[in-house]
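Visitor: The following block contains the structure, expressed as structure tokens.
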Amino acid sequence: MGTPLAWGTSYVAVRPDHFRVEYAINPFMDPTVQPDPARARAQWDALVATIEELGGTVHVLDQRPDAPDMVYAMNLGLGLERPDGSRHVVMSHMRHAERRMETTSAQPWFSGRGFSTSLVGRDGVGAHFEAGDAFAFGGSLVVGHGPRTEELGLKHLATELDVRVRGLRITHPGMYHLDLAFCPLDSTRAIVCPDAFDDASARALLDLVPEPLVLTEAEALSTFAANSVVVGSTVLMPDCPGHVRARLEQWGFEVRLLDLSEFHKGGGSIRCLTNPVDVRLGRDLDLVPGGRVLLP
Ligand code: ARG
């Protein structure tokens, strides 16, 4: 039996005031297929209202007019609370230049709210890291690398945060962030799509999760079901294959479906739009002084 996640009730999100598909940096994006601004806003409002209704908090950051992908707030940075109560965020260093200005706006926003901030690289120099690739699970920081985050970034994260980083190599171009293939549900359960990874990493992830809920490649890509968030015992999902719902309900979760279809045009869904900032070092992540990187 898993114990509920202690994190996942406090989020940062970016209101979609300037959301567009202006370039194509993932296989879902096609600049000839634009989101409808009013529908996108209504879908986003419903997501925020649902998180709040479930007892969560959503902090809203303004979208830069020149940063159409900034709505995918999961990628702004990895925020953590330290055992002494101080807060820190490792800002993302986006792989694609088109998104790098997002960090420039997000960094002062985090520092204005009491976070110390650090960078693993900037302006294309140094390791790339995108926070949609990193999740606390089983006391470790599980980090996907390949399409976006670079392997070199894992060492930065481990030493900077004093955590054990478990690196997984992502090889699937359509699951370019870990959050498209992995969703922690509680202490022992997670949604996993093994097809996102090379064989060794897929095996390592299935070994790490005592009770994995496995998605096929087609399910992960067509439903964004791994791109879900858990608030208490409710799983907010953009779509849910029948066997996934049956298993979640058997485990005692309630499934709540939300339409985020406008955001699928940019290649992201519920998780991408919400960045949890209540992960705690020493509670959700083991403190490992000096840090450690484990690769399969
Ligand atoms: N268009 C965005 C990109 O390619 C989508 C980001 C999706 N976010 C996520 N956490 N997977 O960067």
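Visitor: Considering V229, V255, which residue is modelled with pLDDT of 95 or more, of a type in the set (V, I, T) and crowded, with 18+ Cβ neighbours inside 10 Å?
Guide: Being modelled with pLDDT of 95 or more, of a type in the set (V, I, T) and crowded, with 18+ Cβ neighbours inside 10 Å holds for just one of V229, V255, which is V229.
Visitor: Quick check: anything in the range 232-246 over 19 Å from F182 (Cα atoms), surrounded by fewer than 24 Cβ atoms within 10 Å (Cβ to Cβ) and away from the ligand (no atom under 16 Å from the Cβ)? Lay out the reasoning, then the answer.
Guide: Step one: list which residues in the range 232-246 are over 19 Å from F182 (Cα atoms), which gives none.
The answer is no; no qualifying residue exists.
Visitor: Look at the range 31-49 and say how many of its residues are within 16 Å of the ligand (Cβ to nearest atom) and surrounded by fewer than 13 Cβ atoms within 10 Å (Cβ to Cβ).
Guide: 3
Visitor: Taking the range 138-153, which residues are of a type outside the set (D, E, K, R) and farther than 11 Å from R164 by Cβ?
Guide: First pass over the range 138-153, keeping only residues of a type outside the set (D, E, K, R): 138-147, 149, 152-153.
Once the filter is applied, which keeps residues that are of a type outside the set (D, E, K, R) and farther than 11 Å from R164 by Cβ, the range 138-153 yields G144, H145, G146, P147, T149, L152, G153.
Visitor: Just to verify a result, which residue in the range 116-139, among those that are touching a residue at least 60 places away in the same chain (Cβ under 8 Å) and more than 15 Å from the chain's Cα centre (by Cα), is farthest from the ligand (Cβ to nearest atom)?
Guide: Going residue by residue through the range 116-139, those that are touching a residue at least 60 places away in the same chain (Cβ under 8 Å) are 131-132, 136-139.
Now restrict to residues that are more than 15 Å from the chain's Cα centre (by Cα): 138-139.
Working: G138: 21, G139: 23 Å.
Among residues in the range 116-139 that are touching a residue at least 60 places away in the same chain (Cβ under 8 Å) and more than 15 Å from the chain's Cα centre (by Cα), the one farthest from the ligand (Cβ to nearest atom) is G139.
Visitor: Residue by residue through the range 50-74, note down the ones that are closer than 17 Å to L260 by Cβ, among the small types (G, A, S) and within 16 Å of the ligand (Cβ to nearest atom). Even if it seems obvious, please write down each step before you answer.
Guide: Of the residues in the range 50-74, the ones closer than 17 Å to L260 by Cβ are 50-54, 56, 58, 60, 63, 68-74.
When the remaining residues are screened for being among the small types (G, A, S), the result is 56, 73.
A73 - this is the single residue of the range 50-74 that is closer than 17 Å to L260 by Cβ, among the small types (G, A, S) and within 16 Å of the ligand (Cβ to nearest atom).
Visitor: For the range 260-278, state whether one or more residues are open to solvent by 40 Å² or more (accessible area, probe 1.4 Å), of a type in the set (K, R) and near the ligand (Cβ under 10 Å from one of its atoms).
Guide: Yes; the residues of the range 260-278 include at least one that is open to solvent by 40 Å² or more (accessible area, probe 1.4 Å), of a type in the set (K, R) and near the ligand (Cβ under 10 Å from one of its atoms).
The values are calculated or read from the model by the stated rules, or taken from the named source; none is laboratory data. Predicted model only: the values in this text are computed from it and were never measured. Glycine also receives a Cβ, built like all others from the backbone with ideal geometry; neighbour counts cover every protein chain displayed. With ligands, DNA and RNA removed, areas are computed over all heavy atoms of the protein, side chains included. Shrake-Rupley method; radii C 1.70, N 1.55, O 1.52, S 1.80 Å.
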